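Comments concern the structure below.
The values are calculated or read from the model by the stated rules, or taken from the named source; none is laboratory data. Given the structure is predicted, the values throughout are model-derived calculations rather than measurements. Neighbour counts run over all protein chains shown; Cβ positions are idealised from the backbone, glycine included.
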Amino acid sequence: MTMKIYAYAVIDSSDKIKGPLSGTEGAGIYSIPYRDVGIAASDIIDECLFSSAVKDIGAGPAKDRALTHEKVIESLMENFTVLPFRCFTVFNGKEDVLSMAEKYYSGFKDNLERLYNKLEFGIKVIWPGDIIRERIMRSRGKNNGLTSISSPVKNFVKEKLERYNIDKEFEEEADRCIEAVDDLFSRFYVEKKLERLKTNKLLLSAFYLVDKEKEDDFKRLFEELKNSPGDLKYLFSGPWPPYNFIHLTPYPEKVFGAAQEMFDKGASAQRVERRLMRLRP
Amino acid sequence: MNRIIETNAPEEFVEEIGKLRGALPKRIDANPKNVEKGLAKLVLTLVELIRKLLEKQAMRRIDAGSLSDEDIERLGETLMKLENRMKELKDVFGLKDEDLNLNLGPLGDLM
């Protein structure tokens, strides 16, 4: 039986975490300080990690553990800016945690400053993809002149070209809808991440980083959008920890130092860029 | 923290998000009996990706009107043969169209 460390989040303080806060398997949460940041963690027996339940995050103890992980991060968010770890992030011991903290410290600081007083919201939009595709096909059917088939090859090319043009129109229509939704929220977010057409119907999965002061405005706007007439369906969720807005590079000061040195020696921008690409994790 | 999760179409979102969950990477099944099929799936996925890219690029050029009739005929024949050959290979290894994809984690599906 070996004790390991389960990590929840990096927090913007090296002080002790106040109040009793329970984590995975009911263990108490504590902070491992590194310089002026801390890593919120709890102890865990390694046997717990390799139980069969871990295989399926959607059910059983693994699901409970995922929910506990999320709950701990939410509690931490009330008092700190947090950089959440992925669920089931485990270190062999305190030395490993500190070694990781040293490697990413500069990135932690940048992210903690950028994400101070910010929250993440998610918006998913469903549109009637099948109906829109059919409408495009109908409108093209009248004008495409597909009746003049002269050879199997030409027929093949015409079919492919038709599908290509339908896909193109479909995507252009999707882009117009996404832009309309995104424009509405543009007054309130500071950063965004948009994923389009993950399925034929799931038009948009948007993640917005919002100032805490604008949380109510953001929610109000969603209510208006939800009740507006039209074919679009919406799912709104949040506030969440800023899962989608954390960008980390180990030892960024070394990477940028190397770039600066190359510039000083007269290297071209392209050469520096190539070198930076190689240094990226 | 007052978190809300709100929607005007819960069932539709459950269905669509369910589809995405199905696309999450599965565990690697390193079974010696199906290693050949696994390898074929990987190779054919990459070939299919290249074939689709070629096809899209060809359609873009045809659509732009930058190819002569002879070019289109030749290109069409090549693409048709490629598509037929892919169908045969999929049959040989018992693979369906939806099998030929790779989940690239945060980047989404390859195709």
Within the range A:176-186, can one find any residue that is surrounded by fewer than 15 Cβ atoms within 10 Å (Cβ to Cβ) and either under 30 Å from B:Leu79 (Cα atoms) or within 14 Å of chain B (Cβ to nearest Cβ) (or both)? no
Which numbered condition in (1) more than 13 Å from chain B (Cβ to nearest Cβ); (2) under 28 Å from A:Met137 (Cβ atoms) is the only one that A:Leu194 fails? (1)
A:Leu83: at pLDDT 95 or above and in a helix (DSSP H, G or I), yes or no? no
Working only within the range A:221-246, note down all residues that are away from chain B (no Cβ under 12 Å) and either at pLDDT below 90 or part of a helix (DSSP H, G or I) (or both). A:Leu221, A:Glu224, A:Phe245
Only one of B:Leu67, B:Leu104 is within 11 Å of another protein chain (Cβ to nearest Cβ) and either at pLDDT 85 or above or exposed (fewer than 15 other Cβ atoms within 10 Å of the Cβ) (or both); which? B:Leu67
Could you please find all residues in the range A:155-200 being assigned to a helix (DSSP H, G or I) and under 30 Å from A:Glu213 (Cβ atoms)? A:Cys177, A:Ile178, A:Glu179, A:Ala180, A:Val181, A:Asp182, A:Asp183, A:Leu184, A:Phe185
When you scan the range A:115-143, how many residues do you find that are of a type in the set (Lys, Arg) and free of Cβ contacts under 8 Å to residues at least 60 places away in the same chain? 4
All positions within the range A:76-132 that are buried (at least 20 other Cβ atoms within 10 Å of the Cβ), away from every other protein chain (no Cβ under 14 Å) and charged (D, E, K, R): none
